[in-house]
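Before any comments, here is the structure.
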Amino acid sequence: VTTTAREVALDALVRVEQGAYAHLALPAMLRRSGLADRDRAFATGLVYGTLRAERRLDDLLGRVADRPLARLDAPVRAGLRLGAYQLLDGLPPHAAVGETVSAVAARTVRARGYVNAVLRSVAALGPPWPEPSSQAVALSYPDWIVDRLVDDLGPADASATLTAMNEPGALTLRPNPLRTTADALRDELVGAGITVAPGTLATDALVVRGVGDPARLPAVRDGRATPQDEASQAVVGVLDPQPGERAVDIAAAPGGKATAIAERAGAVVALDVDAARLRLVADASRRLGLAGVACVVADGRALPLHDGVFDRVLVDAPCSGLGVLRRRPDARWRVHADSVDELAALQRALLGAAARAVRAGGVLLYSVCTLTRAETVDVDDWARRSLPELVALAPPGPPWRRHGRGALLLPQDAGTDGMYVLALRRSSSTVS
Ligand SMILES: C[S@@+](CC[C@H](N)C(=O)[O-])C[C@H]1O[C@@H](n2cnc3c(N)ncnc32)[C@H](O)[C@@H]1O
């Protein structure tokens with residue numbers, strides 16, 4: 001029995017509803033599917049698109065379905081959303097409806113008629129599609145995310161940010177300087193028929209197109225490159241670790257930044273509270289041939305490190321992740337408003353503990369892939385008051401925007417993930 005892209009997409013949507021993370025579950029399902037690269041890319045677009053657009057799709061389905069979506073079986077609900085997404089995305093109705101109905105029928109045959117009828121009614125609604133009742137419905141975000149970003153960034157920037165995060169993020173590679181150069185890696189990729197553009201934000205970053213599964217690229221498999229968004233690459237650029245320096249990343253898993261630090265400094269202490277996730281750091285280090293990555297399972301709020309000995313300390317703190325929603329299509333439905341304040345408290349505690357590890361003259365970098373005031377400038381305000389021995393360093397310039405003593409990168413400004421950085425230097429050796 002051959003599997004179709006729509007069947008894999010449908011199964012993935014059901015798995016996500018059951019609690020799986022799309023960016024982890026889908027690649028594994030695609031690897032098992034035997035689908036050709038083109039179909040894998042199509043299935044990925046369907047799953048990510050459907051998850052992002054969920055609220056908008058439910059609004060359309062709610063106008064025509066005679067039963068609440070919540071009462072339907074999971075594959076039927078997923079099939080309706082999947083079909084409605086394709087219609088909204090402009091696919092011809094015969095393919096969007098017919099092939100989605102077949103995919104659902106291959107799972108629950110008795111739902112065929114119902115799914116067919118509802119999707120045909122959706123197809124009859126547009127285009128032009130009915131006007132959504134609010135910006136949150138139109139852009140398909142929970143109300144709280146829209147309200148929070150409008151409050152924190154202002155309506156124009158919030159709107160541009162929310163729109164940018166509905167577009168898929170480009171795949172960006174970071175060359176491993178121990179094994180290749182940006183030029184050699186670019187030539188290798190171009191030779192394999194891949195379109196490559198230089199990054200605009202991080203030196204050596206390569207933005208690539210036409211790669212279905214980055215893990216299957218020989219350069220990635222053999223440790224010559226790491227997939228990492230340019231904003232994350234730029235964070236390590238701001239930290240600027242030098243060869244031979246002592247560096248620690250106190251929230252290191254899955255290791256994107258810790259391995260980048262080790263590529264530059266030669267070594268890093270990679271600490272994380274989550275032992276299972278920390279194993280990913282060890283795996284990545286092995287793949288990249290980095291012998292100097294010391295993995296330590298510990299709570300960053302009670303660091304098992306000597307005070308005042310590290311040249312570079314990175315606190316890439318757990319956060320609400322509102323800057324990376326384009327890469328985590330299901331995340332917008334998982335994050336809750338309440339968690340922002342809890343995370344901000346954890347961020348302050350991690351930053352306070354990390355500050356002790358920095359030597360006099362050493363650098364402490366706080367970064368989060370989110371955009372809320374509470375997790376950015378408010379953490380900076382706290383640091384200014386509570387860590388007076390740490391003075392702010394000049395934040396990176398445009399496209400970063402000055403934000404408190406740090407800088408904010410909005411996804412619409414450079415086509416990257418959203419990110420905040422605050423770079424501090426310890427002015428004295430007294431650890432309070
Ligand atoms: C934003 S992620 C780090 C990403 C990583 N720096 C990278 O570039 O790949 C935040 C990490 O903080 C870890 N974490 C959460 N609470 C922690 C704590 N109390 N101490 C140390 N790590 C913690 C999580 O397990 C998670 O891996």
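Values quoted throughout were computed directly from the atomic coordinates according to the rules given, and no laboratory measurement underlies them. No experiment lies behind these values; they were computed from the predicted model shown. As a convention, Cβ positions derive from the backbone with ideal geometry for all residues, glycine included, and neighbour counts pool all protein chains shown.
How many nm separate the modelled label positions at ARG301 and ARG209, each set 7 Å beyond the Cα in the direction of the Cβ?
With each label point 7 Å from Cα toward Cβ, the separation is 4.6 nm.
Taking the Cα centre as origin and putting +1 on Lys and Arg beta-carbons and -1 on Asp and Glu beta-carbons, what dipole magnitude results for the chain, to the nearest 20 debye?
760
Give me, ordered by chain and number, the residues 5 or more places off HIS403 or on other chains with an amide H under 5 Å from its own placed amide H.
Amide H neighbours of HIS403: LEU408.
Where q = 0.15, 0.26, 0.29 Å⁻¹, what log10 of I(q)/I(0) comes from the Debye formula for the stretch 62-118, counting one point per Cα?
Reported log10 I(q)/I(0), two decimals: -0.36, -1.08, -1.28.
What is the extension gain from ARG384 to SER133, computed as 0.36 nm multiplied by their sequence separation minus the C-alpha to C-alpha distance, in nm to one decimal?
Roughly 86.1 nm would be gained on extension.
In whole Å, what is the distance between the alpha-carbon centres of the stretch 322-349 and the stretch 213-263?
22
Once phi is turned into θ = phi - 60°, what whole-Hz ³J(HN,Hα) does the Karplus curve with 6.51, -1.76 and 1.60 give for every residue of the stretch 269-276, x standing for Gly and Pro?
Each residue's phi maps through the Karplus curve to give 8, 10, 10, 7, 7, 9, 4, 5 Hz.
Quick one: helix 22-33 against the long Cα principal axis of the chain, what's the angle to the nearest 10°, folded into 0 to 90?
60
Have a look at VAL269, PRO411, VAL238 and report the one farthest towards the positive end of the charge dipole of the chain, computed about the Cα centre with Cβ charges (Lys/Arg +1, Asp/Glu -1).
About the Cα centre, the residue reaching furthest to the positive side is VAL269.
Show me 69-81, 104-116 ranked by packing, highest mean number of other Cβ atoms within 10 Å first. Let's see the in-between values first.
Numbers: 69-81: 19.5, 104-116: 16.8.
By packing density, highest mean first, the sequence is 69-81, 104-116.
Tell me, what are the semi-axes, in whole angstrom and largest first, of the equivalent ellipsoid of the chain as set by the roots of 5 times the Cα gyration tensor eigenvalues?
Computed over the chain, the values are 41, 25, 18 Å.
To one decimal place, what Kirkwood hydrodynamic radius in Å is obtained for the stretch 51-159 from all pairs of distinct Cα atoms? Mind dumping the intermediate values first?
Numbers: mean 1/r = 0.0683 Å⁻¹.
That comes to 14.6 Å for the stretch 51-159.
State the percent of C-alpha pairs, over all pairs in the stretch 309-432, separated by a distance greater than 18 angstrom.
Values: 3831 of 7626 pairs.
Summing the P(r) tail past 18 Å for the stretch 309-432 gives 50 percent.
Working from Cα positions, state the angle (0 to 90°, nearest 10) between the long axis of helix 337-357 and the longest principal axis of the chain.
Relative to the chain, helix 337-357 is tipped by roughly 20 degrees.
What is the Å³ per residue value for the convex hull set by the Cα atoms of the stretch 120-224?
Numbers: hull volume 19.1 nm³, N = 105.
Considering the Cα atoms of the stretch 120-224, their hull volume per residue is 182 Å³.
With a sphere of radius 12 Å drawn around the Cβ of LEU371, what net charge do the other residues whose Cβ falls strictly inside it have (Lys, Arg +1; Asp, Glu -1)? The partial results should precede the final answer.
On the way: positive: ARG148, ARG373, ARG401; negative: ASP151, ASP152, ASP157, GLU375, ASP413, ASP417.
Spelling it out: positives minus negatives among the neighbours equals -3.
Output the antiparallel fraction of DSSP beta bridges having both residues in the chain, as a percent to the nearest 5.
Around 60 percent antiparallel, to the nearest 5.
Kindly provide log₁₀ I(q)/I(0) values, in the same order as q = 0.15, 0.16, 0.19 Å⁻¹, from the Debye equation applied to equal alpha-carbon scatterers of the stretch 177-297.
Values, matching the q order: -0.66, -0.75, -1.04.
Quote the relative contact order of the stretch 189-334 in percent (integer), defining contacts as alpha-carbon pairs under 8 Å separated by 6+ residues. Before the final figure, lay out the partial values.
Numbers: 229 pairs, mean separation 28.2, N = 146.
Relative contact order, the stretch 189-334: 19 percent.
Suppose we take every Cα in the stretch 144-196 and form the convex hull; what volume per residue is that in Å³?
Hull volume over Cα atoms, normalised by residue count, gives 126 Å³.
Computed from the mean reciprocal separation of all distinct C-alpha pairs, what Kirkwood hydrodynamic radius does the stretch 364-432 have, in Å?
Result for the stretch 364-432, one decimal place: 12.4 Å.
Let me spell out the model: positive unit charges on the Cβ of Lys and Arg, negative unit charges on the Cβ of Asp and Glu, origin at the Cα centre of the stretch 63-112. What dipole size does that give, in debye rounded to 20?
It works out to roughly 240 debye.
Kindly express, to the nearest 10 degrees and within the range 0 to 90, the angle between helix 182-191's C-alpha long axis and the longest C-alpha principal axis of the chain.
The angle comes out at about 20 degrees.
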